[in-house]
Amino acid sequence: MRVFEITAFGLDNLKVADHPIPELKPGQIRVRIHAASLNFRDVAMCKGHYNRKQALPLIPLADGAGVVDKVGRGVSRFREGDRVAGCFAPDWIDGPPEHKLIRNTLGGPLSGMLADYVILPEQGAVMLPSHLSYREGATLPCAAVTAWNTLTKYRQLKAGDTLLLQGTGGVSIFALQFAKAMGATVIITSSSDEKLKEAASLGADHLINYKTCPDWDQKARKITNKAGVDHIIDVGGGNTFEKSVNCAKVGGFIAVLGAMGGSETPMNLLRVVMNNLTVQGFVVGSRADFEALNEFLGTHQLHPVISDTFRFGDAREAFELMERGEHLGKIVIDFH
Ligand SMILES: NC(=O)c1ccc[n+]([C@@H]2O[C@H](COP(=O)([O-])OP(=O)(O)OC[C@H]3O[C@@H](n4cnc5c(N)ncnc54)[C@H](OP(=O)(O)O)[C@@H]3O)[C@@H](O)[C@H]2O)c1
């Protein structure tokens, strides 16, 4: 079977290889992958920026979807022919995160989805929503589950709430779609006016270019008539967190997800205290979260936004596009 693997850190070292089709153990399923998708983390993983101690070679990508091609002894959740996606953290079934559950993730340290066949524990996969294609299903495990949890898990986003999203990448565009289905008002930032136009066509109510308007926090406050934003998903980290705090409403909620703009920020914490803010970190989610998301997608008949699709053989170009950040929503690799 075809796989892509890195034998040394660096995107130049992402190369196609021929591996034997893997065999099953009891309790496992074998999935013939039809499509995979990229997250920012996958680029960082391949470059050695995510985990310098990652064992190599590594087959990258956490997200993929396909058809169950064979089931191992004792498997009861799936049958051959089922359309499935893998879970980002295959051992995390339900309940709160635990160290050993959230460190054991596909695409590093575990082998990932950029392979024709992948073995998963039957507990670590979900059925795809029937209205989604394999390409669409492949976008869900990391970005969509994370976006879903930021809006539902510790603070439910309500109709009429204001949500602020940063950038137009995978997580933010999923959150935009979910928030509009929940009846919220969405403010979205981007470095690109073109991307902001596209976000507006997906339902974004207020658009801010964070390059031409570096005081986007003040602009967001103005949009809310100085009341502040109810719910914020912070993906920038170092260069956004202080501004997220500045534009949050008293009692507001800030989901901290990433560090696109660095992981350190010197700031005055008094605003967090005096405004009674809730700051919550996230690491994707459990299988139960994924299943709840799939139900929501089915109810609202939502389809993931995919800006770019590559053929399997062109996988490296997909990583390079992700690195340049020119996409909107998701980048997909189609295996056929
Ligand atoms: N903790 C978790 O569970 C979890 C899960 C998923 C993702 N994440 C993290 O969340 C972040 C976003 O992930 P993603 O998969 O959505 O990535 P993505 O698809 O690459 O999107 C990131 C977008 O953020 C914007 N951006 C880039 N640099 C920025 C900066 N310095 N300040 C503000 N915005 C910036 C860009 O949008 P424009 O081009 O529109 O400007 C870019 O396209 C990453 O840091 C990722 O590691 C965390």
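Miscellaneous remarks
- In this structure, Glu323 and Arg52 have a Cβ-Cβ separation that, at R0 = 22 Å, corresponds to a calculated FRET efficiency of about 0.75.
- Selection from Ala292, Ser244, Asn275 lying farthest towards where the dipole of the stretch 209-336 points positive, charges on Cβ: Asn275
- Inter-site label distance for Gln123 and Leu202 at 7 Å from Cα along Cβ, in nm: 3.4 nm
- Packing around the peptides 90-103, 253-266, 175-188, taken as the average count of other Cβ atoms within 10 Å per residue, puts them in this order, highest first: 175-188, 253-266, 90-103.
- For the peptides 120-133, 26-39, the ranking by packing is 26-39, 120-133, with the highest mean count of neighbouring Cβ atoms within 10 Å listed first.
- Beta bridge orientation in the chain: antiparallel %, DSSP, nearest 5: 50 percent
- Using a cut-off of 32 Å between Cα atoms, the listed pairs Lys15/Lys153; Lys197/Lys243; Lys15/Lys197; Lys195/Lys249; Lys53/Lys249; Lys70/Lys195 include Lys15/Lys153; Lys15/Lys197; Lys53/Lys249; Lys70/Lys195 as exceeding that distance.
- Contour minus Cα-Cα distance for Arg103 and His300 (0.36 nm per residue): 67.7 nm
- Applying 1/(1 + (r/R0)^6) with R0 = 45 Å to the Cβ-Cβ distance of Asp94 and Arg2 gives a FRET efficiency near 0.85.
- Helices in the chain, meaning DSSP H runs of at least 4 residues, each add -39500 (n - 2.57). Divided by all residues, the mean residue ellipticity at 222 nm is -7500 deg cm²/dmol.
- Charge dipole (the chain, unit charges on Cβ, about Cα centre) - positive-most of Val71, Thr309, Pro26: Pro26
- Amide H to amide H, with H built 1.01 Å from N, Thr162 comes under 5 Å of Thr185, Asp230, His231, counting only residues 5 or more places away or on other chains.
- Length available on full extension from Glu194 to Lys15: 0.36 nm per residue minus the Cα-Cα distance, which gives 61.1 nm.
- Selected from Val171, Ala220, Gln156, residue furthest toward positive end of dipole (the stretch 125-244; charges at beta carbon): Gln156
- Residues listed by number, the stretch 44-69, amide nitrogen under 13 Å from Arg311 label point at 7 Å toward C-beta: none
- Sites listed here are trypsin sites (Lys or Arg not before Pro) in the stretch 196-284 whose DSSP assignment is loop and whose Cβ has at most 12 other Cβ atoms within 10 Å: Lys211, Lys226.
- Virtual spin-label span in nm between Lys222 and Lys70, 7 Å along Cα→Cβ: 6.3 nm
- DSSP bridge pairs, the stretch 51-205: antiparallel proportion in percent, nearest 5: 50 percent
- Averaged over residues, the count of other Cβ atoms within 10 Å places the peptides 72-80, 316-324 in the sequence 316-324, 72-80, highest first.
- Simple spin-label estimate for Ser263 and Arg32 in nanometres, 7 Å along Cα-Cβ: 4.1 nm
- Net length gained if the chain between Val272 and Lys25 were fully extended (0.36 nm per residue, minus Cα distance): 83.9 nm
Every number in this text was worked out from the coordinates using simple rules, so none of it is lab data. This one's a predicted model, so the numbers in the text were calculated from it and none came from an experiment. Here Cβ is always computed from backbone atoms with ideal geometry, including for glycine, and neighbour counts include all displayed protein chains.
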